Structure formats: structure tokens, C-alpha cells
Amino acid sequence: MLIKVAQLFLSLTILVTLHEFGHFYFAKRFKCRVDKFYLFFDFLFPFASVMNFALFKKKIGDTEYGIGWFPFGGYVQIAGMVDEQMDKTLIDAPPQPWELRSKPAWQRLLVMMGGILVNFILGVFIFWMALLVWGKSTQPITNLKHGLMVDSVAYDMGLRNGDFITSLDGKPVNSVRRIPVEIIMNGVQNIEGVHADGKAFSIPVDNTDRSKILKRMKKTDFVSARFIPEIRLIDSTSFAANADLKVKDRIIAVNAAPIQYFDELKAELVRNKGKKVELSVLRGITQLSTSCQVSEEGTIGFFPGSVEEFKVEEQHFTFFQAFSQGLSDGLELIVMQAKQFVVLFTVKDAHKQVGGFYTMVQQMNSEWDWQSFWMFTGFLSLALAFMNFLPIPMLDGGYIMFILWEMVTGKKVSDTVIYYANNVGLFIVLGLMLYANTDWLRN
């Protein structure tokens, strides 16, 4: 868990620092005075006058650079920027030449766009470099020797273990992992494929199905590769260890019921949860028997692996190919972020799957893996770019909305309106963040 937390902390530190640098760069470029540049807050956010102290600070020129004590983001304090923390008595004061509000609209627009632009460029750059260094691995569904393994939601919809899904709404399926994403995000209406007996099927999908898939995604895979299992890792305190099971063992029967695939093993263990079972085990070429207690959850305490190697397609890219693919992946992710908002308002209970820091920690690798770390950081950078572009007062997108209104109509929105709008936006954003970070209770 500490490794997961450390990875998330480092990722957010990088993203927050560079996001704020985007604002800082354009502000300094247009000769705005920048009073503070802080990683984390030197106050109890959002109360600017409460618990004011920094872990480190140093003033260089007009700007105080520092590290705050409240690890909840960071900020750049630009002179003349009307925000929810600004002293209300300053609103009616005339703009000064060094203040943001005295600058032309196009310059203010770039200052507010700075963080978003940096997050977008950084996300694409990370994808570019990751593709260049590590390439891309995919598990084409056509390479699955034993078809798919399905969870309870997929089963209730009509899918079965051993099925091959060939297309979604007539479009070929290229990757197993993309199946639930396509169904949820792109509103797939029909799943087409072939059952293990060779009979073709076409299964309709509606929003109720999408809601069920989304609800289960944090706990199980909707579909995954079906495999013949062997024991890869054993919990030393588990029932499996007490039954003298070993790594590389294959369980081939439970209470004389033959087992070939992992889904069959899971089903038999769940059927006998809380009971003691007789296991037939293949160890090398020797078959042996052992008794084993099954937990109330239907597990015995081992991590499975496949006795066969899955055929994974490796793609490698040249310098320019990696850039093109990284840009394409980045743009697709932005589009997917937009589609998530459609899902929130069209799929029942989708809002319950909104996650915060707890969900992000769970997505991190339990071992320090630089490829996983950088891919997650690239994803999060692009997600932050999209979120900050939303036209909600207090977010960058709220300021951008007011500036674009001014540029289109020729009428500047008053500082008083922006001030009060930002206070409303603050409550909206805080409410959303509080809800998102109760994900550990909802899950």
C-alpha cells in the first residue's frame, strides 16, 4: 500500500507543479506580477487566512516560491487575479499595469489556458516516450485459444464461458480489455460472437446492462481470457498453504468434479464455501489428493496463473510513429473523458462509480513499475486538462468562459460578478470532491 501511495503522491506532485508552471510562465511572459508559486497550500484550503505557514519558502524577485503544509494541490498567486480568496475590498480598486486584470483578453486567456496546455502537452509527451521505450502490448481476442471467461453480469446478459466475441455493433473487436469500455462509453447496442459450440449469437445491450457492467468493473472483469490454471503464488497463512499445495500445482478436481478451466474451479469453490473439500492435484506428472478448507468467500488463498502463454501482440514504434500514436491516444482519451459525462447523465447509478484518491491508489501497481507509473501519470495529466477546461467558476475553465464571452461580445464581465461566481464555483467543486472521495465508503 505504501508503494501505491508513494507512486500517486509523486505523480500528483509532478502534475500539479507543471500545471501551475503553465500559468506562471504566461503570467511572467506578459509582465504580470506573480506573488507566490507554491507546491501544496500554505493554508487550510479553501480558507486562505487559516493556519498560514510553509514548510519551505524563498523569495526571488517579486515571487515567493515555497512548499506548503497542506498536500492538496498547489497554486500560483497572480496579482490582480479575481478569485474566491481575493480580498473583496480590492474589487473596486482600479487595475494596475502589473495586474492580470489590466491585460488584454487574449493575454489573460493564455494565462488561464497555461495549466491546461501544459497538462495536455505533458500527457501526449509521456505517451510518446512510453510508446518509444516500451511499445504497446495488446491481447487480440482472435488469439484466445479457450475463448472468454465471463462474470455474473455477462452471464445474465447471455454470454457464456468459452464464448468468442467477434464484434460490437458490427465493428470488429481488437482487444479484450476494450470490450466493456466500448459497451459503456460508445453505447454499444449489440454484442456479436460465437458460443463454444460454434453457434453464433447477437446479444442486445441497454442502459440497464451498462449500469450493471459499470457497477461491477471495480470488482471483476466483465470478460477476460479463459485459461487453464496453475498455482503461481500461495498466501503462507491461507488454507491452501495448510493443505500443502505448492507453486505450479494444478487442481484438476474438487470433490471428484473435474476441473479444466479457472472459471470451473471458482464455481466449485464458491459452491462449497465454508466447507472442507477434497482436491485432486497434478504435481508434475504425479497425481495426489489433499483436503482443504474453503473460506466463506469461496477462496482457498492462492494466486492463479495460466499453464499456457497467452499470445500477446507487441507493437514497436519509431520516433515519429510513437509521436503520432501518442497524440492519437491522447486525443482519444480526451474524447473518452467527454463521453464519461454523457454516461453520468444517461446510465443509472453511474455517479456512484465516481472515484477520488482511494480509487486512484487502488489503480496503482503494488510494485514500483516505471511503465505503469508513467502511463498512469500521462492518463491523469490528460484527465486534469479536461477537468480544468470545464466551464465551472473557480476552475480554469470558468475564467476561460468569462474571457471568451468578453472576446465575443466586447463586454468585459465585471470583477464583482467573477468574484461571486467563483465563490459559488468553490462550493460546487468542494461538493464534488467530497463526494468523489467517499468512494471508499461506496465501494
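Numbers for the structure displayed
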quantity: Elements of type helices (runs of 4 or more DSSP H) contained in the stretch 394-443, each with 2 or more residues being modelled with pLDDT under 90 and touching a Pro at 6+ places or on another chain (Cβ under 6 Å); calculated: 415-436
quantity: Per-region count, the stretch 84-103, residues modelled with pLDDT under 70, open to solvent by less than 30 Å² (accessible area, probe 1.4 Å) and within 13 Å of residue 414 (Cα to Cα); calculated: 1
quantity: Residues of the stretch 104-134 satisfying the condition of being under 19 Å from residue 419 (Cα atoms) and open to solvent by less than 30 Å² (accessible area, probe 1.4 Å); calculated: 105, 108, 111, 112
quantity: Pick from the stretch 221-235, criterion farther than 17 Å from residue 152 by Cα and among the acidic types (Asp, Glu), ranking: most open to solvent (accessible area, probe 1.4 Å); calculated: 235
quantity: Enumeration of residues in the stretch 308-335 that are of a type in the set (Phe, Trp, Tyr) and touching a residue at least 60 places away in the same chain (Cβ under 8 Å); calculated: 310, 317, 319, 323
quantity: Residue, surrounded by the most Cβ atoms within 10 Å (Cβ to Cβ), within the stretch 286-296, restricted to residues that are touching a Ser or Thr at 6+ places or on another chain (Cβ under 9 Å) and either within 11 Å of residue 246 (Cβ to Cβ) or free of Cβ contacts under 8 Å to residues at least 24 places away in the same chain (or both); calculated: 290
quantity: Residues satisfying the stated conditions in the stretch 184-218, i.e. under 16 Å from residue 352 (Cα atoms) and not in a helix (DSSP H, G or I); calculated: 217, 218
quantity: Residues within the stretch 149-183 that are out of contact with any Ser or Thr (no Cβ under 7 Å at 6 or more places or on another chain), under 25 Å from residue 265 (Cβ atoms) and either part of a helix (DSSP H, G or I) or of a type in the set (A, V, I, L, M, F, W, C) (or both), tallied; calculated: 12
quantity: Given (1) surrounded by fewer than 13 Cβ atoms within 10 Å (Cβ to Cβ); (2) of a type in the set (D, E, K, R); (3) under 14 Å from residue 302 (Cβ atoms), number of the condition residue 266 does not satisfy; calculated: (1)
quantity: Selection within the stretch 171-206 - small (Gly, Ala, Ser) and open to solvent by less than 50 Å² (accessible area, probe 1.4 Å); calculated: 175, 187, 193
quantity: Candidates 246, 275, 218 - the one that is surrounded by fewer than 19 Cβ atoms within 10 Å (Cβ to Cβ), closer than 27 Å to residue 140 by Cα and either in contact (Cβ under 8 Å) with a residue 12 or more places away in the chain or within 39 Å of the chain's Cα centre (by Cα) (or both); calculated: 218
quantity: Extreme residue, surrounded by the most Cβ atoms within 10 Å (Cβ to Cβ), among residues of the stretch 337-387 that are of a type in the set (Ser, Thr, Tyr) and under 14 Å from residue 14 (Cβ atoms); calculated: 381
quantity: For residue 283: the one exception among (1) within 24 Å of residue 226 (Cβ to Cβ); (2) surrounded by 15 or more Cβ atoms within 10 Å (Cβ to Cβ); calculated: (2)
quantity: Filtered residues of the stretch 339-391 (kept if of a type in the set (A, V, I, L, M) and modelled with pLDDT of 90 or more); calculated: 375, 380, 382, 383, 384, 385, 387, 390
quantity: Whichever residue in the stretch 62-80 is touching a residue at least 40 places away in the same chain (Cβ under 8 Å), within 33 Å of the chain's Cα centre (by Cα) and open to solvent by less than 60 Å² (accessible area, probe 1.4 Å) and, among such residues, is farthest from residue 44 (Cα to Cα); calculated: 78
quantity: Condition met for residue 240 (open to solvent by less than 40 Å² (accessible area, probe 1.4 Å), under 34 Å from the mean Cα position of the chain (by Cα), aliphatic (A, V, I, L, M) and under 28 Å from residue 301 (Cα atoms)); calculated: yes
quantity: Residue that is farthest from residue 133 (Cα to Cα) [pool: residues in the stretch 297-307 that are β-branched (Val, Ile, Thr) and either without any contact (Cβ under 8 Å) to a residue 12 or more places away in the chain or open to solvent by less than 70 Å² (accessible area, probe 1.4 Å) (or both)]; calculated: 300
quantity: Tally of residues being open to solvent by 20 Å² or more (accessible area, probe 1.4 Å) and not in a helix (DSSP H, G or I) across the stretch 8-61; calculated: 26
quantity: Number of positions in the stretch 309-326 that are of a type outside the set (Phe, Trp, Tyr) and open to solvent by less than 60 Å² (accessible area, probe 1.4 Å); calculated: 3
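Conditions tested, residue by residue: (1) out of contact with any Asp or Glu (no Cβ under 6 Å at 6 or more places or on another chain); (2) closer than 16 Å to residue 20 by Cβ; (3) modelled with pLDDT of 90 or more.
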{"position": "57", "(1), (2), (3)": "no, yes, yes"}
{"position": "75", "(1), (2), (3)": "yes, yes, yes"}
{"position": "126", "(1), (2), (3)": "yes, no, yes"}
{"position": "130", "(1), (2), (3)": "yes, no, yes"}
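The values are calculated or read from the model by the stated rules, or taken from the named source; none is laboratory data. Keep in mind that what you see is a predicted model, and the values were worked out from it rather than measured. Cβ coordinates were reconstructed from backbone atoms using ideal geometry, including for glycine residues, and neighbour counts include every protein chain displayed. Calculation scope for accessible area: heavy atoms of the full protein, side chains included, ligands and nucleic acids excluded. Shrake-Rupley method; radii C 1.70, N 1.55, O 1.52, S 1.80 Å.
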